[in-house]
Each structure stands twice: as structure tokens, then as C-alpha cells.
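**Q** Handing you a structure now.
The values are calculated or read from the model by the stated rules, or taken from the named source; none is laboratory data. Because the structure is predicted, anything quoted here is derived from the model rather than measured. As a convention, Cβ positions derive from the backbone with ideal geometry for all residues, glycine included, and neighbour counts pool all protein chains shown. The area values use the complete protein model at the heavy-atom level, side chains included, leaving out ligands, DNA and RNA. Shrake-Rupley method; radii C 1.70, N 1.55, O 1.52, S 1.80 Å.
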Amino acid sequence: GENVEQHPSTLSVQEGDSAVIKCTYSDSASNYFPWYKQELGKRPQLIIDIRSNVGEKKDQRIAVTLNKTAKHFSLHITETQPEDSAVYFCAASIGALLTGGGNKLTFGTGTQLKVEL
Amino acid sequence: DTGVSQNPRHKITKRGQNVTFRCDPISEHNRLYWYRQTLGQGPEFLTYFQNEAQLEKSRLLSDRFSAERPKGSFSTLEIQRTEQGDSAMYLCASSLGASGRADEQYFGPGTRLTVT
């Protein structure tokens, strides 16, 4: 089955700096890669996703890049703010056309991001 | 609130007891997923439904676990003869499921189970 590795496990940055979180996946059939932000005691919140037919996607201060050949994808947060502090999870999924139905997500182990003033 | 809802939010039970959790997905969503999350880990897939059909179950889902989605709307997850290792956050997610491609999953707040 799919295996997703995520690094680093913790990341501290100064407010205004950039943060980068990296993930690798094992199954070349995976074609959907979402990122979730989870604050303490709260539900995982989808913040951005990318599909295998594109290499990069941006949404304001957040961007995600995908290298299908290397099976790497990364989350980039620019101009970090204290409210960006949370645990971030990457995930990978094989599309429904291949599975015959839905798309279960395989998650990484999470990155605790701390933005310091 | 039009998001995914779960009840109860917290459940404390004694080992050996049965527990049942409920998930109400976003109203027009056809796909419903159950995940389990333990402290410091990412969510792990348990099972999913396309409408009322349960299409896949993880090996994590032992015989003590059963899930239903009888009318293709809300879903229940039952754990029989609970064990301390079942203590975790049980998360439900739903997605539109209108196309054959992977679509965005939105999570509920979870049910935190503590088995004593």
C-alpha cells in the first residue's frame, strides 16, 4: 500500500519568514495530494491540494509543488504569521477511477510548525 | 452549521463495553470516510462508503468494528468489547463524490474515545 513520509517533524520559524514542509510517497499511482492544518483539539482543515497533472499551485501565502518523477511534494508558506502555528499533515490518494469508488487518504506523520514573534 | 458533525464529542468507557459513534456528513456529499487518529500521528483510514455501500475496509478494522450508512446519509461506527488500544480520536470525513476523480474531503470534529 501507499506510504507517506513527512519532514521535518517540528519546525520553528520567525514571524515573516518562510516555512517549507516536504513529503514523499511510494505509490506511483497516487494522483491527489492534499494538505491539512490541524490546530490543537480541532478538526483537520483542508488548506490546499494538488493533482498530478500540475506541478505547482498557489493560494495567497500558501503554495504546493509536486515532482511526480521523484515522488516528492512540498508545502510552502510565505510571510508566516503566529496564526499559522499548527500541525500540518500531507496526504496522498489514488483517484477514484482506479479504485472503483472513493479515495482513501494516506497521511504523513505531521509537522508541528511554530511561528515565533 | 453546514459542516460535518459528529456525536458524541467525547466518550469514556470501560474495557469490554460497546460504544457507537455517529457522523452526519455535509448534506449533498455521497462519500463518507472514517479515520482514526492517535496522539502525534496522522489520521489512519478505517473504511468508506459511497452512498449506502461500504466499499473498502482497512485491515485496522478488526471484527469488533462495524460501520453502517443505512440510508446513504448519516453513518455509525460501533466498537464492540472495547480495548484500551481503541483509545483514539475517531474522525469522519465526507466528500462530494460526484465524479470519478479524487475529491476534497472535509473532516468533522471527531469523537475522542477513552477506554479505561
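**Q** How large is ³J(HN,Hα) for each residue in the range A:27-34, as worked out from phi by the Karplus curve 6.51 cos²θ - 1.76 cosθ + 1.60 (θ = phi - 60°), to whole Hz, x for Gly and Pro?
**A** 8, 5, 7, 5, 9, 9, 9, x
**Q** Another question, if that's okay. Based on alpha-carbon atoms only, what is the radius of gyration of chain B relative to the globular estimate 2.2 N^0.38 Å? Each step should come with its number before you reach the end.
**A** Working: Rg = 13.5 Å, N = 116, 2.2 N^0.38 = 13.4 Å.
Dividing the Cα Rg of chain B by 2.2 N^0.38 Å gives 1.01.
**Q** What residue among A:G41, A:G55, A:G16 has the largest mean-square fluctuation in a Gaussian network model of chain A, using Cα springs under 10 Å?
**A** A:G41
**Q** Could you tell me which of A:Y32, B:I12, A:L11 has its Cα farthest along the dipole of the protein assembly as shown towards the positive end, charges placed at Cβ (Lys, Arg +1; Asp, Glu -1), taken about the Cα centre?
**A** Checking the options against the dipole of the protein assembly as shown, the answer is B:I12.
**Q** A further question follows. Accessible area per residue for the range B:1-85 in Å², computed with a 1.4 Å probe and the full protein assembly in place, what is it?
**A** Working: 4900 Å² over 85 residues.
Accessible area per residue, the range B:1-85: 58 Å².
**Q** If you don't mind, there's one more thing I want to ask. With charges set only on the Cβ (+1 for Lys and Arg, -1 for Asp and Glu), what does the dipole of the protein assembly as shown come to about its Cα centre, in debye to the nearest 20?
**A** On the way: 27 positive and 26 negative charges, 130 e Å.
Charge dipole of the protein assembly as shown: 620 debye, to the nearest 20.
**Q** Okay, next question. For chain B, modelled as a GNM with alpha-carbon contacts under 10 angstrom, which of B:G85, B:G72, B:G40 fluctuates the most?
**A** Per the Cα network of chain B with a 10 Å cutoff, B:G40 tops the list.
**Q** While we're looking at this one, here's another question. Give me the percent of accessible area attributable to carbon and sulfur for the protein assembly as shown, probe 1.4 angstrom. Don't skip to the end; give the middle numbers.
**A** Values: 5350 of 11620 Å².
Exposed carbon and sulfur together represent 46 percent of the surface.
**Q** Specify the residue with the greatest mean-square fluctuation among B:S73, B:S62, B:S99, computed from a Gaussian network of chain B linking alpha-carbon atoms under 10 Å apart.
**A** B:S99
**Q** In terms of the ratio Rg/(2.2 N^0.38 Å) built on C-alpha atoms, what value belongs to the protein assembly as shown?
**A** On the way: Rg = 17.6 Å, N = 233, 2.2 N^0.38 = 17.5 Å.
Its radius of gyration relative to the 2.2 N^0.38 Å reference: 1.01.
**Q** Taking the Cα centre of the range A:48-91 as origin, work out the dipole magnitude from +1 charges on Lys and Arg Cβ and -1 charges on Asp and Glu Cβ, in debye rounded to 20. Working shown, then result.
**A** Working: 6 positive and 6 negative charges, 68 e Å.
Once rounded to the nearest 20, the dipole reads 320 debye.
**Q** 5 Å is the cut-off here: which amide hydrogens, built 1.01 Å from N in the peptide plane, fall below it relative to A:D27, excluding neighbours closer than 5 in sequence?
**A** Amide H to amide H, under 5 Å and 5 or more residues apart or across chains, A:D27 pairs with A:N3.
**Q** Let me have the 222 nm mean residue ellipticity of the protein assembly as shown computed from DSSP H runs of 4+ only, each contributing -39500 (n - 2.57), with the sum over all residues rounded to the nearest 500.
**A** Working: 1 runs with 4 residues, N = 233.
Value at 222 nm, helices only: 0 deg cm²/dmol.
**Q** Whole-Hz ³J(HN,Hα) for each residue in the range B:25-35, computed from phi via Karplus 6.51 cos²θ - 1.76 cosθ + 1.60 with θ = phi - 60°, x for glycine and proline: what do you get?
**A** Residue by residue, the range B:25-35 yields x, 4, 4, 8, 7, 8, 9, 9, 10, 10, 10 Hz.
**Q** Taking the Cα centre of chain B as origin and charging only Cβ (+1 Lys, Arg; -1 Asp, Glu), how large is the dipole, in debye to the nearest 20?
**A** Working: 15 positive and 13 negative charges, 87 e Å.
Dipole of chain B, to the nearest 20 debye: 420 debye.
**Q** If you don't mind, there's one more thing I want to ask. Check B:S58: other-chain or 5+ apart residues with amide H under 5 Å from its amide H, H built from backbone geometry?
**A** For B:S58, whose amide H was placed from the backbone, the distant partners under 5 Å are B:T47.
**Q** What figure, in Å² to the nearest 10, do you get for the accessible area of B:E56 with a 1.4 Å probe and non-protein molecules left out?
**A** Surface accessible to solvent at B:E56 totals approximately 60 Å².
**Q** Residues with amide H under 5 Å of A:A86's amide H, sequence separation 5 or more or different chain, H placed in the peptide plane at 1.01 Å from N; which?
**A** Under 5 Å from the amide H of A:A86: A:L113.
**Q** May I pose another question? Could you compute how fast the range A:3-73 diffuses translationally, taking Rh as the Kirkwood radius over C-alpha pairs and applying Stokes-Einstein at 25 °C with viscosity 0.890 mPa s? Give it in µm² per second. Could you put the intermediate results ahead of the total?
**A** Details: Rh = 13.4 Å.
Calculated translational D: 182 µm²/s.
**Q** Can you bin the range B:11-62 into rounded, prolate or oblate? Criterion: square roots of the alpha carbon gyration tensor eigenvalues sorted a ≥ b ≥ c, rounded for a/c under 1.5, prolate for a/b above b/c, oblate for the rest. Each step should come with its number before you reach the end.
**A** Details: a/c = 1.73, a/b = 1.50, b/c = 1.15.
Cα axes put the range B:11-62 in the prolate bin.
**Q** Then there is this: To the nearest whole number, what is the average tally of beta carbon atoms from other chains within 10 Å of the beta carbons of peptide B:101-112?
**A** Numbers: counts 9, 20, 8, 4, 12, 4, 7, 2, 3, 4, 0, 1.
That average works out to 6.
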